[in-house]
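Worksheet for the structure shown next.
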């Protein structure tokens, strides 16, 4: 959506002073599962935190699965860091269960608590595990900013490296219902009065996807009605409200960076900026929301500045949130077994293994429409605001000559988009392959491309450790295949034709492996007819120990 283009402090003090990863993806487009992915370095199917509330997600599920005792803040403390956190940590972390148990791993914390997390003027927070305190009447992003400054000052007074995470909820939908202020549950995000007059002429880009159906669309997306003028005007104002809400975040960024500079530690501090998921609004006729595998929802910002990181650089290397925990540990000079990602490259080097072409995407559960015309405001589950058949596996693949998205839905329908030719994902080519007889990658037709993508997804859908990082190596242990282009060699046609297929038995609302079809794939043995050995996608983790001086780390999540 280009929201970060409207954040001048972010642009000046992080983007222009560091490296931006243009092909960075969240592994799942929903906040709590995405955060579990970030803080554990494991794919969502390995955390099994796949929703925002029990039984499939939320803080109780995090505790039940054991992650409150085994995640990044604790690992960073073990590496000698003081750790601090301000803002939203988990969904379903509430005024009722905030101390049952406490969220572990922080020297200092001030967490937003449900059911007030998304109430911009009615937040409740727990400081260092203490009794919840109300901040009614105060703008939550400003409250978080003040608390972040306090923890930063505390961190700077200690003679230890530190890690501070700041997680405002803006520009999330407003989580209040207050008719006296014309505020609706999951309606437009609220912004500070000082930003009320900004962006009055902004409209959502009217690109090829805007209010147009996907040709060959699948599942509920194929059934969406055209947005009328009332909905379009509402969506434009909704997005203006998002941009206005981000201005307080941008001011916070500027203030915190200035404080680091005043303390003389900015040049020795890594600063990360990202978000747990993206948003769509108006594309493919969709109302405001997330939960989808399209680039609007999964291709999220990531910008990093710090020691040794080139300034004003963009990298096209494919990275994902699964890589963040390994990156933080590498900076700290630490390692952790069992992670599914690998440290981010600060720059590309010829002949290195820093470049990867794939990002695995997955989702379980409903897609929810937000705003006054959405599910939460209507208060009931209807066909236009809550969509159950939204469980899917996705694969984002980017090489020198191709940029692709492939998915298999729980309805067993498939999608394939070439985002080089079709950047707004408007034509699902697999819906009518006969129309695309001229389409080729590396001289091979669509009918040969799709089986390769299906096999790669077979590896990634249940991957662990090495198989998440090097999925082609699982299919071709000899090491001759490291990319789609390699796999398209015609000598492998029979091998890929014989692969099991990704499939679902039902559209479950959570991760149940019994509903997700075959779990084994064939391994190439060099024969003319392909391999037949069965191989489970599970490997032990292997990472390189980070080197160098321990430094400060500062993260911003919105």
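The values are calculated or read from the model by the stated rules, or taken from the named source; none is laboratory data. In this text, all values refer to a predicted model and were calculated from it rather than measured experimentally. Using ideal geometry, Cβ is built from the backbone for each residue, glycine included, and neighbour counts are taken over all protein chains shown.
Couple of notes before you dig in:
- Within the stretch 223-260, tally of residues that are touching a helix residue (DSSP H, G or I) at 6+ places or on another chain (Cβ under 9 Å) and either more than 22 Å from residue 196 (Cβ to Cβ) or assigned to a strand (DSSP E or B) (or both): 6
- Residue list for the stretch 44-62, filter: crowded, with 24+ Cβ neighbours inside 10 Å and in a loop (DSSP other than H, G, I, E, B): 49, 50
- So residue 100, is it under 30 Å from residue 136 (Cβ atoms), modelled with pLDDT of 95 or more and part of a strand (DSSP E or B): no
- Just one of the listed residues (141, 126) is surrounded by 20 or more Cβ atoms within 10 Å (Cβ to Cβ) and out of contact with any strand residue (DSSP E or B) (no Cβ under 8 Å at 6 or more places or on another chain), and it is 141.
- In the stretch 1-32, the residues that are touching a strand residue (DSSP E or B) at 6+ places or on another chain (Cβ under 6 Å), under 23 Å from residue 118 (Cα atoms) and part of a helix (DSSP H, G or I): 32
- Cβ-Cβ under 8 Å pairs, at least 6 apart or on other chains, the stretch 102-114 side at positive phi and surrounded by fewer than 24 Cβ atoms within 10 Å (Cβ to Cβ), far side assigned to a loop (DSSP other than H, G, I, E, B) and at pLDDT 95 or above: 105/71
- Listed here are the helices (runs of 4 or more DSSP H) enclosed by the stretch 427-516 that have at least 2 residues being in contact (Cβ under 8 Å) with a residue 24 or more places away in the chain and out of contact with any strand residue (DSSP E or B) (no Cβ under 8 Å at 6 or more places or on another chain): 446-460, 466-469, 493-497.
- Some residue of the stretch 523-541 being assigned to a helix (DSSP H, G or I), at pLDDT 95 or above and crowded, with 16+ Cβ neighbours inside 10 Å: no
- Residue 139 being closer than 24 Å to residue 40 by Cβ and modelled with pLDDT of 95 or more: no
- Options 111, 106; residue that is under 19 Å from residue 176 (Cβ atoms) and either out of contact with any helix residue (DSSP H, G or I) (no Cβ under 8 Å at 6 or more places or on another chain) or modelled with pLDDT of 95 or more (or both): 111
- Annotation: residue 403 fulfils all but one of (1) more than 20 Å from the chain's Cα centre (by Cα); (2) crowded, with 18+ Cβ neighbours inside 10 Å; the unmet one is (1).
A quick yes/no check of all residues on (1) under 24 Å from residue 95 (Cα atoms); (2) out of contact with any strand residue (DSSP E or B) (no Cβ under 8 Å at 6 or more places or on another chain):
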{"residue": "151", "(1), (2)": "yes, no"}
{"residue": "154", "(1), (2)": "no, no"}
{"residue": "161", "(1), (2)": "no, no"}
{"residue": "192", "(1), (2)": "no, yes"}
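- Meets criteria (within 30 Å of residue 340 (Cα to Cα) and touching a helix residue (DSSP H, G or I) at 6+ places or on another chain (Cβ under 6 Å)) for residue 441: yes
- Across the stretch 379-398, the number of residues qualifying as touching a helix residue (DSSP H, G or I) at 6+ places or on another chain (Cβ under 6 Å), at pLDDT 95 or above and not in a strand (DSSP E or B) comes to 0.
- Selection within the stretch 72-93: residues that are crowded, with 22+ Cβ neighbours inside 10 Å and without any contact (Cβ under 8 Å) to a residue 60 or more places away in the chain. The member of this set that is nearest to residue 338 (Cα to Cα) is 90.
- Total residues in the stretch 148-187, condition part of a strand (DSSP E or B) and touching a residue at least 12 places away in the same chain (Cβ under 8 Å): 13
- Filter result for residue 121 (surrounded by fewer than 21 Cβ atoms within 10 Å (Cβ to Cβ) and either outside any loop (DSSP other than H, G, I, E, B) or at pLDDT 95 or above (or both)): yes
- Search result, residues across the stretch 204-232 that are farther than 13 Å from residue 287 by Cβ, over 25 Å from the mean Cα position of the chain (by Cα) and either without any contact (Cβ under 8 Å) to a residue 12 or more places away in the chain or buried (at least 18 other Cβ atoms within 10 Å of the Cβ) (or both): 216, 229
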